[in-house]
Amino acid sequence: MAKLLALTLVGLVLALYKNHRSSYQTRLNAFREVTPVELPNCNLVKGIETGAEDLEILPNGLTFFSTGLKYPGIKSFDPSKPGKILLMDLNKKEPAVSELEIIGNTLDISSFNPHGISTFTDEDNTVYLLVVNHPDSSSTVEVFKFQEEESSLLHLKTITHELLPSINDIAAIGPESFYATNDHYFADPYLRSWEMYLGLSWSNVVYYSPDKVQVVAEGFDFANGIGISLDGKYVYIAELLAHKIHVYEKHANWTLTPLKVLDFDTLVDNISVDPVTGDLWVGCHPNGMRIFFYDAENPPGSEVLRIQNILSEDPKVTVVYAENGTILQGTTVASVYKGKLLIGTVFHKALYCDL
């Protein structure tokens, strides 16, 4: 009887393991291969070799890059150096990046580890850059004032909160106000790994202001990119491991109400909203297994989606760019400016293409 019980327990454990393994592979899209989609006149951005996980293009074509991210379980080609914020002018014939100097002694540059970024322009045209930072594996939001003439960022403030344990991306709605995605519920690396493997769907979205902080959406399997519609009425949230983009209606008290969900055959990362059309441009990982288990002989591919008329009954989804990793590995973000497409990656290079 004891042997039978032991065999039964072993069988249950193996069945649960097999079930979770299968679910894990499905969530990572482990068996998907890329069908290439090319664009004309693409060039790698010189000076970006260790990723451009997120980017923000100002209306005048100046572009901020968040580079050098060190993220648990993700490849880094230069793990010993701190991250940087780079600037590029897309109006130049051959645009090149330059590093923005960080001014002020309130930020430890040696542990600077930038992730998602977002800009807010005040009524007096002052540009604030909000940066998700992971110093020593923690999560903060750094607030900077962009000083264009000096090519520098003036550090104004560091924001931390117990409801922001594992920030991924951010959508600024003021100099110190924003929506943020937590890609995990736990901050502890060991608990994070189990949370992800078991697919607990405990990650969330938080509204933060100096006066009020609250969870406004939850139940995500790795909440990732976030964006706001041009009219400010809707919030878009990428759920990486469920392959979904959620559309929420935003209310005057900053709460969110779910409106619709779109499903994809790819892991959706950062969301950029076209400043002219309102279309969504999404950096994607066609095969997440190759991101989380890096193999230089079988690298992760890249994919960029364009979503038109997302609020309609029949949104149009187009694969604008797709590549198997020979040129660009691990696309996280894509954004457009005057007929040009800029593509960034989590740990690799960045690409600049004609549309």
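The values are calculated or read from the model by the stated rules, or taken from the named source; none is laboratory data. What you are looking at is a predicted structure, and each value in this text was computed from that prediction instead of being measured. Cβ: placed from backbone, ideal geometry, glycine included. Neighbour counts: every protein chain shown. Heads up: the accessible areas ignore ligands, DNA and RNA and are worked out on the full protein's heavy atoms, side chains in. Shrake-Rupley method; radii C 1.70, N 1.55, O 1.52, S 1.80 Å.
With springs connecting C-alpha atoms under 10 Å apart, model the chain as a Gaussian network and identify which of HIS246, HIS184, HIS161 has the largest mean-square fluctuation. With Cα springs under 10 Å in the chain, the top fluctuation among HIS246, HIS184, HIS161 is at HIS161. With pairing defined as another cysteine C-beta under 4.7 Å, the cysteines of the chain that fail it are CYS284. Distance between the pseudo-spin-label points of THR257 and LYS338 (7 Å out from Cα toward the beta carbon): 4.1 nm.
Phi angles of segment 222-237 translate, via the Karplus equation with coefficients 6.51, -1.76, 1.60 and θ = phi - 60°, into HN-Hα couplings of 6, 4, 10, x, 8, x, 10, 4, 4, 7, x, 8, 10, 10, 9, 10 Hz per residue; Gly and Pro are given as x.
What part of the accessible area of the chain, given as a whole %, is carbon or sulfur when the probe is 1.4 angstrom?
Carbon-and-sulfur percentage of accessible area, whole number: 53.
Here the 3J(HN,Hα) profile of segment 327-336, calculated from phi with Karplus coefficients 6.51, -1.76 and 1.60 at θ = phi - 60°, is 10, 9, 10, x, 4, 10, 8, 8, 8, 10 Hz, Gly and Pro shown as x. Rounded to the nearest whole Å², what accessible area per residue is found for the chain with the 1.4 Å probe? I get 46 Å² per residue for this part.
Under a GNM of the chain (C-alpha, springs under 10 Å), which listed residue has the highest mean-square fluctuation: ASP211, ASP221, ASP279? Most flexible of the set in this elastic network: ASP211.
For the chain, what relative contact order do you get, as a whole percent, if you take Cα pairs closer than 8 Å and at least 6 residues apart?
Over the chain, the number comes to 17 percent.
Separation of segment 239-295 and segment 16-82, taken as the distance between their Cα centroids, equals 14 angstrom. Maximal additional length on extending the ASP211-GLU148 stretch stands at 19.7 nm, based on 0.36 nm per residue less the C-alpha distance.
In segment 36-126, what GluC sites (Glu not before Pro) fall in a loop by DSSP, with at most 11 other Cβ atoms inside 10 Å?
Sparse-neighbourhood loop GluC sites (Glu not before Pro): GLU38, GLU123.
When the Gaussian network model of the chain links Cα atoms closer than 10 Å, the mean-square fluctuations of LEU342, LEU154, LEU164 top out at LEU154. Think of each Lys and Arg Cβ as +1 and each Asp and Glu Cβ as -1; about the Cα centre, that makes the dipole of segment 32-354 roughly 260 debye.
Under the 0.36 nm per residue contour assumption, what length would be gained going from the current alpha-carbon distance of THR121 and LEU198 to full extension?
Here the segment from THR121 to LEU198 would lengthen by 23.7 nm.
Its Kirkwood hydrodynamic radius, worked out from the mean inverse distance over all distinct Cα pairs, puts the chain at 20.6 Å. Subtracting the Cα-Cα distance of ASN105 and ALA296 from 0.36 nm times their residue separation leaves 64.9 nm of extension gain. Please determine, in degrees from 0 to 90 and to the nearest 10, the orientation of helix 2-27 with respect to the longest principal axis defined by the Cα atoms of the chain, where the helix direction is its Cα long axis. The answer is roughly 30 degrees.
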